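The values are calculated or read from the model by the stated rules, or taken from the named source; none is laboratory data. Remember, predicted model here, so these are calculated numbers, not experimental data. A quick note on method: Cβ atoms are made from the backbone with ideal geometry, for glycine too, and the neighbour counts reach across all protein chains shown.
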Amino acid sequence: MTTPTQEQKRNFRYFDVIMALFVAILLISNLASIKIARMWLFTFDGGTILFPLSYIFGDILTEVYGYQRSRKVIWTGFAATLLMSLVLWVVQKLPPAAGWEHQQAYETLLGFVPRIVLASLIAYFAGEFSNAYLLSKLKIKTKGKYLWVRTIGSTIVGEGIDTAIFCFIAFYGTLPNSLLISVIVSNYIFKTGIEVVFTPLTYLAVGFLKRKEQTDIFDTGISYNPFRFFMND
């Protein structure tokens, strides 16, 4: 067992790769969320297809590398999403070139992105930090046992907070209330279901990383303040 203080200055082989994948999943999900899709009995925004993986990656990050590094990744994703939103907004406001006749199409699709990104940022912040905090605390409480309880339990809470906040901010007033409720329920069931289905793969990923990185951090004596940007708690 290692503590966060002992691990603060270590360079991990796979950490940057996982962080890059986490941020990529977040950005792609935001763009895909523009479309409301239906599959079988579920009605959901397109980002739901990929976004649950961000919680799986979040579980892996917190379980293997600890809350402090997970916090760094969450803020990196937050900054990348905000940057994407600003760039898309600036591009939308630039006058189109002569002969380019797709300005209306751009505004119809990507013009909706700022509201979705605002919803995503708030929901993401609340959901991801709730997920990381709960998983970290449960790891200490269970003394590192019952990984499935920690990953599924923290996801149930985090995804619930995330889904409710995101859907209300992104779609309230633009969708009929009945459809909005259907989207929230479908998204939540689908997202938590993905966590359950992927649990065996989560076990494999966690076991692989702990062996390769030679670490298993328990977050004892740290600050859980989400606004702490640095490792020195």
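Data table
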{"quantity": "Residue pairs meeting the criteria (Cβ under 7 Å; at least 6 apart or on separate chains; first in contact (Cβ under 8 Å) with a residue 12 or more places away in the chain and under 18 Å from residue 134 (Cβ atoms), in the range 64-87; second assigned to a helix (DSSP H, G or I) and of a type in the set (Asp, Glu))", "calculated": "64/213; 66/7; 74/128"}
{"quantity": "Residue in the range 141-161 that is surrounded by the fewest Cβ atoms within 10 Å (Cβ to Cβ), counting only those that are in contact (Cβ under 8 Å) with a residue 60 or more places away in the chain and farther than 17 Å from residue 52 by Cβ", "calculated": "144"}
{"quantity": "From the options 120, 85, 70, residue that is part of a helix (DSSP H, G or I), in contact with a helix residue (DSSP H, G or I) (Cβ under 6 Å, 6 or more places away or on another chain) and at pLDDT 90 or above", "calculated": "70"}
{"quantity": "Qualifying position, being within 27 Å of residue 15 (Cα to Cα), surrounded by 14 or more Cβ atoms within 10 Å (Cβ to Cβ) and touching a Phe, Trp or Tyr at 6+ places or on another chain (Cβ under 9 Å), among 126, 132, 80, 119", "calculated": "132"}
{"quantity": "Considering residues of the range 181-233 that are part of a loop (DSSP other than H, G, I, E, B) and touching a strand residue (DSSP E or B) at 6+ places or on another chain (Cβ under 7 Å) only, the residue nearest to residue 148 (Cα to Cα)", "calculated": "216"}
{"quantity": "Those residues of the range 23-40 which are out of contact with any Gly (no Cβ under 6 Å at 6 or more places or on another chain), touching a residue at least 24 places away in the same chain (Cβ under 8 Å) and either in a strand (DSSP E or B) or hydrophobic (A, V, I, L, M, F, W, C) (or both), in sequence order", "calculated": "25, 27, 31, 34, 36"}
{"quantity": "Failed condition for residue 56, given (1) in a helix (DSSP H, G or I); (2) crowded, with 23+ Cβ neighbours inside 10 Å; (3) in contact with a Phe, Trp or Tyr (Cβ under 9 Å, 6 or more places away or on another chain)", "calculated": "(2)"}
{"quantity": "Test result for residue 206, at pLDDT 90 or above and either more than 17 Å from residue 61 (Cβ to Cβ) or not polar (S, T, N, Q) (or both)", "calculated": "yes"}
